[in-house]
Amino acid sequence: MFSLDSDLPAELAPLAWLVGLWEGTGVVHYVDGDQVREHEFGQRVSFSHDGLGYLNYSSQTWLLDEANTPLTAEAGYWRLHRPAQPGDPGPGMLPGEGARPFATADEVEALRTADSAFEVEVAIIHPGGVSELYLGRAMPARIDLQTDAVMRSASAKDYSAATRLYGLVEGRLLWAWDIAALGNDLRTHASGTLNRQE
């Protein structure tokens, strides 16, 4: 059974259902020209917090072969999309000035949109030289994301856009990820089903 972490900042309440360690499997099905790239993988995802207004995110994946060959990893931060306030830390290591904003549930409710969603932003970095900034919407047990910016190093493979969908269905975290990469338009890439471990 899921219980809300009492130390979770009020600002993270719309994302609280993500917090925890998740593990499961998924499948890649990516059409690249005449080639269909398809394989199954295992995945472990962690959403945690350190008392500030964002979630720490990490994901590790491995092929479901005899050796559980490592596949890739991601790391990043998830937070509500809102203007910075004087009480927020930063830039850099500068502390905020005054009280932290949105300290109560009522204050967080002021960020809800007219259609009862919360705007979110997600920054994800990949070890292959790709960094993504997603903007999206969080609703009860569902988050839709679309890249606002993709930055690639000179050594990275071609990757230009993506969408992601996360949902909580009967206690499981389901996700789907479409990508525009390798000269292709936006298309189906991968999906997974994860169970809460803690």
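The values are calculated or read from the model by the stated rules, or taken from the named source; none is laboratory data. Since this is a predicted model, take the numbers as computed values, not measurements. Don't worry about glycine lacking a Cβ; one is built from the backbone with ideal geometry, like all the others, and counts go over all protein chains shown. Side chains are part of the model used for accessible areas, which takes the heavy atoms of the whole protein and leaves out ligands, DNA and RNA. Shrake-Rupley method; radii C 1.70, N 1.55, O 1.52, S 1.80 Å.
Observations on the model:
- Centroid-to-centroid, using Cα positions, the stretch 6-77 and the stretch 83-126 are 23 Å apart.
- Taking 7 Å steps out from each Cα toward its Cβ at Ser48 and Leu111 produces label points 2.2 nm apart.
- Computed magnitude of the charge dipole of the stretch 134-194 (debye, nearest 20; Cβ of K, R +1, Cβ of D, E -1): 100
- Label-point separation in nm, Asp7 to Ala103, each point 7 Å along Cα→Cβ: 1.9
- Protein accessible area in the chain, 1.4 Å probe - carbon and sulfur %: 54
- Per residue accessible area of the stretch 74-198, 1.4 Å probe, in Å²: 58
- log₁₀ of I(q)/I(0) at q = 0.19, 0.23, 0.30 Å⁻¹ - the stretch 26-81, Debye sum with one point per alpha carbon: -0.76, -0.89, -1.11
- Helix-only CD estimate at 222 nm, as mean residue ellipticity for the chain, using -39500 (n - 2.57) per DSSP H run (n ≥ 4): -500 deg cm²/dmol
- Accessible surface of Leu63, taken over heavy atoms with a 1.4 Å probe and every protein chain present, rounds to 50 Å².
- Unit Cα scatterers, Debye sum, the stretch 79-119: log10 I(q)/I(0) for q = 0.23, 0.35 Å⁻¹: -0.82, -1.21
- Solution diffusion estimate, µm²/s, Stokes-Einstein, the chain, Kirkwood Rh from C-alpha pairs, 4 °C, viscosity 1.567 mPa s: 72
- Additional length obtainable on full extension of the chain from Leu71 to Arg37, 0.36 nm per residue less Cα span: 10.8 nm
- Sum of side-chain charges, Tyr159 neighbourhood, beta-carbon under 14 Å (Lys, Arg +1; Asp, Glu -1): -2
- The relative contact order of the stretch 7-88, computed from alpha carbon pairs under 8 Å that lie at least 6 residues apart in sequence, is 24 percent.
- All C-alpha pair distances within the stretch 146-198, sorted into 10 Å bins from zero, spread as 23, 40, 26, 11, 0 percent across the bins.
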